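The values are calculated or read from the model by the stated rules, or taken from the named source; none is laboratory data. What you see is a predicted model, and the numbers here were worked out from it, not measured in a lab. No Cβ is skipped: glycine too gets one built from the backbone with ideal geometry, and neighbour counts run over all protein chains shown.
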Amino acid sequence: MTQPNFVPVVEADQVRRSYQLEVPSIWTATRPSELSGKRQPAGAFLGTPGPDQGFALKLARRFEDRLVLLPGEQAADAISGCTAVAMRRAASYGRAPVIHDLTWAFTLWGFLVGAPSDLAEAREPLFRSASHHYQAQRTIADCVFESTLRMTPQQVAEGIGEWHALLEIPSHH
């Protein structure tokens, strides 16, 4: 509603001309972090993006009191490493993590069923301080073969004795 002419208007309340903004120039992806191409880049330490991956952290806390840890192993490290693996599995299906992804990951690394001694020995340096180091979490997730990601938690539990067929642990660890 307009204001009648006989009502005084202070200068600050008077209608001003609008500013005309310039037409923006053409935008190009020139920043260092811009993605080029149609796909997310893949490779070591790049991870697998997926929807609502943070939910895996909430789900992982449900396993805290059920973990089978060896002396010197920390629950926080097991949770961090296995959560990264579970998030990778869920993202490979294009969905958010569910409780079965966490069960699968903890079983794969022997934290639910008890690991064979050679797996426990091989995982120890990988998981040491994983809760504090993103690179360690990525290394743990990258150890899992692509074919292993498609297995059910039951298949992983049955195959844990032959874990070399499920995981590739780098020799420098």
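Numbers for the structure displayed
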{"quantity": "Tabulated pairs, the stretch 1-19, first without any contact (Cβ under 8 Å) to a residue 60 or more places away in the chain, second surrounded by fewer than 10 Cβ atoms within 10 Å (Cβ to Cβ) and assigned to a loop (DSSP other than H, G, I, E, B), C-beta under 6 angstrom, 6+ apart or interchain", "calculated": "none"}
{"quantity": "Search result, residues across the stretch 113-127 that are closer than 19 Å to ALA60 by Cβ, out of contact with any Gly (no Cβ under 6 Å at 6 or more places or on another chain) and part of a helix (DSSP H, G or I)", "calculated": "ARG123, LEU126"}
{"quantity": "Meets criteria (over 20 Å from LEU166 (Cβ atoms) and touching a residue at least 12 places away in the same chain (Cβ under 8 Å)) for ARG66", "calculated": "yes"}
{"quantity": "For SER117: the one exception among (1) in contact (Cβ under 8 Å) with a residue 40 or more places away in the chain; (2) hydroxyl-bearing (Ser, Thr, Tyr); (3) over 19 Å from PRO49 (Cβ atoms)", "calculated": "(1)"}
{"quantity": "Residue count for the stretch 70-112, restricted to those that are of a type in the set (A, V, I, L, M), assigned to a loop (DSSP other than H, G, I, E, B) and either more than 24 Å from PHE55 (Cβ to Cβ) or in contact with a Pro (Cβ under 8 Å, 6 or more places away or on another chain) (or both)", "calculated": "2"}
{"quantity": "The one condition in (1) polar (S, T, N, Q); (2) part of a helix (DSSP H, G or I); (3) at pLDDT below 90 that THR30 fails to fulfil", "calculated": "(2)"}
